[in-house]
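Asker: Before we start, here is the structure in question, set down as structure tokens.
The values are calculated or read from the model by the stated rules, or taken from the named source; none is laboratory data. Keep in mind that what you see is a predicted model, and the values were worked out from it rather than measured. Every residue, glycine among them, receives a Cβ derived from its backbone with ideal geometry; neighbour counts consider all protein chains shown. Calculation scope for accessible area: heavy atoms of the full protein, side chains included, ligands and nucleic acids excluded. Shrake-Rupley method; radii C 1.70, N 1.55, O 1.52, S 1.80 Å.
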Amino acid sequence: MIRFGPEICRNLDAALSREWLETNSLGGFASSTIVGLNTRRYHGLLTAATKPPVGRLVLLSKLEETLIVDGQRFELSANAYPGVIHPQGQQYLQQFRLDPWPVFTYVVGGVEVEKSVFMLHGENSTVIQYQLRSAGGQPSPAPSRVELEVRPLIAFRDYHSTTHENSALNPQVQAAPGLATVQPYAGLPALHLAHDADQLDTTGYWLRRFQYAVERERGLDFEEDLFSPFALRFDLSRRTTVALIASTERRQISQVPHYQQAELARRQAVLEKAPTDDEFMRSLLAAADQFIVARGELKTVIAGYHWFADWGRDTMITLPGLTLVTGRAEAAKSLLLAFAKHVDRGMLPNRFPDAGEAPEYNTVDATLWFFEAIRSLLEYTGDYQFVRDNLYQVLVDIIAWHERGTRYGIQVDADGLLAAGVPGTQLTWMDAKVGDWVVTPRHGKPVEIQALWYNALCTMEHLAERFRDSAGQKKYSQMALEAHHSFNQQFWNDQAGCLYDVVNQQIRDAAIRPNQVLAISLPHSMLSREKAKRVLAVVERDLLAPYGLRSLAPSDPQYRGRYQGDPLSRDGAYHQGT
């Protein structure tokens, strides 16, 4: 359990650097800081994935909550406006904990209110529950007249954007017993708020100029206006637990206990597959579960919250850790099938765009990581029949396309190594681009691409042997031998005691980057043990830092040690050291 006490919760500098995240297995999420003050345009209580796992819209930005004790109002919310934090509800926040979802404990006016937030699995739905306790922390009837006022603030916009006051918004609220519905813009989904409130006030108004500090630091639009369509009032003198559900579906508030138990059971089932009882590892397993999401009837992987969708490279790299180590082989198979369906001209998609358009095929390494993910599946499951029935012919076709050439100049060269790149493109993981400026083009033969290519050929040789494809086995064996010979002849930089980063005809890039570690870490390596040790020594000496490997040695003139500033500054530093 992660827990922060009042010394963190009531210190804004400390609290705003700590964020929570809840997800729904569709690509949607809820997220904010531990005091509920949104510092990103991506923060919100309901960011719905309308075309799972993409098409993400921030529908419900937050709730303004006021506790009324014997007529005295205590505002529990916190917002940043120009030059001021208002209100300052963090002063009442006694504790934040992740147990297993976000739980906020406020102590004010002689009472304690515990608020919890979780999302429903497979739905664009967020459940917010409040429980009144005595100041001692035990459930009990309210000691005096206590009411809770909750006012939703809606954004209804793409999660990369911000909302500003406008006359196009439809403020109408459709009210029914236990349900309030708003649909402020035509063409966007309706937001249904199921509730057990005692009063509904449909007076609506705009709140202006919310400030998002993280977006300001990133040089992006950091100011937003939000609309409040209504307010709910709950009488906590008569009952101690109330709730609401923000959803794109019509839900019944009476089902909250059922939803809560179902979600607890689901999360427990995930943890039961853990290969260890170590609490830290189990926490990581629970977090990892949030990245496996739906794409149609199959599975995919969100490359990162808050703003990434599913990327082929990230999915294949993380597949063993997210699914095989954690005992979720069926999820691994679903991921592989999902991406196999989208292989085109021998290439795996680099990414699926946010709005749900056709996938983009502008990567050279995602396809090669596909081979390694399949090899890992076999290592953990031994299910060769699945690979033979569903994936082997796809892999054969991929190799054939790479031989004859596919997009962006990706083709096996006469020396057996894999060349890639045309002007204006960035095909490796070092893919930062600002306008027409490709920061690290790495055209030609990047070192990790050769390592992945050789690993793929060795995997294919093994599969061909297993599936009695003698012609294929002979072919892939010969291709691997040729790549092995050429690599050692062209990539070894004896003076530096490591590998060149890129070879492009007669040009050899001696920049010391971490890409060369893949040449010694993949299951099938082209380097001798002696050379592998020398590579490791150079990488450790020049690149190892407390949080991992630098992307460029500090001695390099192009080195940028800090990732900060506007998009141009940040992308210029992204793979040049940081």
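Asker: Quick one: dipole size for the range 452-578, taken about the Cα centre, charges +1 on Lys/Arg Cβ and -1 on Asp/Glu Cβ, in debye to the nearest 20.
Answerer: Using Cβ point charges on Lys, Arg, Asp and Glu, the range 452-578 gives about 200 debye.
Asker: Once the dipole of the chain is set up with Lys and Arg at +1 and Asp and Glu at -1 on Cβ about the Cα centre, which of 296, 105, 417 lies farthest towards its positive end?
Answerer: Among 296, 105, 417, the one farthest towards the positive end of the dipole of the chain is 417.
Asker: Using a ≥ b ≥ c from the Cα gyration tensor of the range 156-273 (square roots of the eigenvalues), is it rounded, prolate or oblate, where a/c under 1.5 gives rounded and otherwise the larger of a/b and b/c decides, a/b for prolate?
Answerer: Because a/c hits 1.5 or more and a/b fails to exceed b/c, the range 156-273 counts as oblate.
Asker: Excluding residues on the same chain fewer than 8 positions from residue 445, give the lysines whose Cα lies under 26 Å from its Cα.
Answerer: 433, 474, 475, 531, 533
Asker: Taking residue 115 as the anchor, which lysines have their alpha carbon closer than 24 Å to its alpha carbon, excluding any fewer than eight residues away along the same chain?
Answerer: Within the straight-line limit of under 24 Å, residue 115 reaches these lysines: 62.
Asker: Hull surface divided by four, with the convex hull built on the Cα atoms of the chain: how many nm²?
Answerer: Computed as one quarter of the Cα hull surface, the answer is 28.2 nm².
Asker: Can you give me the % of accessible surface on the chain that is carbon or sulfur? Probe 1.4 Å, all protein chains present, nothing else counted.
Answerer: 49 percent
Asker: Under the 0.36 nm per residue contour assumption, what length would be gained going from the current alpha-carbon distance of residue 168 and residue 51 to full extension?
Answerer: 39.7 nm
Asker: Roughly how many Å² is the accessible area per residue of the chain, as a whole number, for a 1.4 Å probe?
Answerer: For the chain, the solvent-accessible area averages 42 Å² per residue.
Asker: Less than 12 Å Cβ to Cβ from residue 270, Lys/Arg counted +1 and Asp/Glu -1: what total charge do the surrounding residues give?
Answerer: +2
Asker: Here is a follow-up. Under 24 Å Cα to Cα from residue 341, which lysines show up? Leave out anything in the same chain fewer than 8 places away.
Answerer: List returned: 51, 299, 333.
Asker: Can you tell me the convex hull volume per residue for the range 26-114, based on C-alpha atoms, in Å³ to the nearest whole number?
Answerer: 106 Å³
Asker: Just need the Rg to Rh number for the range 496-560, please, alpha carbons only, Kirkwood Rh.
Answerer: Value, to two decimals: 0.96.
Asker: Placing +1 on the Cβ of each Lys and Arg and -1 on the Cβ of each Asp and Glu in the chain, which of 161, 523, 352 has its Cα farthest towards the positive end of the resulting dipole?
Answerer: Of the options given, the answer is 523.
Asker: With the contact rule set at Cα under 8 Å and sequence spacing of 6 or more, what percent relative contact order holds for the chain?
Answerer: 9 percent
Asker: Under unit Cβ charges (Lys, Arg +1; Asp, Glu -1), what dipole magnitude, rounded to 20 debye, does the chain have relative to its Cα centre?
Answerer: Charge dipole of the chain: 340 debye, to the nearest 20.
Asker: While we're looking at this one, here's another question. Across bins of 10 angstrom width beginning at 0, how are the C-alpha pair distances of the range 399-527 distributed, in whole percent?
Answerer: With 10 Å bins starting at 0, P(r) equals 13, 42, 33, 11, 2.
Asker: Restricting things to Cα coordinates, could you compute the convex hull volume per residue of the range 1-68 in Å³?
Answerer: Hull volume normalised by residue count: 111 Å³.
Asker: Moving on to the next point. Given the Cα-Cα distance of residue 202 and residue 305 and 0.36 nm per residue of separation, how much length would full extension add, in nm?
Answerer: 33.7 nm
Asker: Summarise the long-distance tail of P(r) for the range 101-223 by giving the % of C-alpha pairs beyond 18 Å.
Answerer: Here the tail beyond 18 Å accounts for 67 percent of pairs.
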